[in-house]
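We did not get these values from a lab; they are worked out from the coordinates using the rules stated. Since we're looking at a predicted model, the values are computed, not measured. Neighbour counts run over all protein chains shown; Cβ positions are idealised from the backbone, glycine included.
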């Protein structure tokens, strides 16, 4: 009979191996216990240039004595960034951010090295026989808590405290915070800033005491001469 004291499974029950059914269930559970699928993890560091993170798994296995078996840092983990058509949604991942580490079904080391060079119609063999291993994993950032200032019925990109953000809904787009603009702005409708209409507003004309009409209109009381060439 197998030495039961050496079987380090927190779900093992005394007497379980004394029956065939119990022994088979134990073997199956132990085989799955060594497979790696998905566990919550915390970011230790992140390189946005390579989109690779170092993460640490936070849910650990325990021995029969209740001692935690800690995970070491897992390196070179790609972070899931949604992208399509030459566009990408980048994320300012920081140490301490949480998410889930997902283990791929097979070895993806070649794909990680050559990604971007793979043709859509190409097929490639696996590099090793490794299966369901976090070394072939990818990290999905995820917050388990809600965000302050989230707008009901709208998609938002915002800070956790809601002080800055952009929300898109059926009624339009709401932006909160300062805007730094590079490039031009084109609008087919009027723009109102501080209560002033861009298309319909007046200007005081220095040294004349007169007030202009809207953009392109002559100054009140006199015609606006055409500037010289």
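Neighbouring Cβ atoms within 10 Å as the yardstick, rank 185, 173 fewest first. Kindly include the intermediate steps, with their values, before the conclusion.
On the way: 185 6, 173 9.
The order, fewest Cβ neighbours first, is 185, 173.
Summarise the long-distance tail of P(r) for the stretch 35-141 by giving the % of C-alpha pairs beyond 19 Å.
On the way: 2839 of 5671 pairs.
Beyond 19 Å sits 50 percent of the P(r) for the stretch 35-141.
Could you list 190, 76, 152 in order of exposure, starting from the residue whose Cβ has the fewest other Cβ atoms within 10 Å? Write down the numbers at each step before the final one.
Numbers: 190 9, 76 13, 152 6.
If I rank by nearby Cβ atoms, fewest first, I get 152, 190, 76.
Using a 10 Å cut-off around each Cβ, can you sort 201, 83 from fewest to most neighbouring Cβ atoms?
Details: 201 14, 83 10.
Least to most surrounded, the residues fall as 83, 201.
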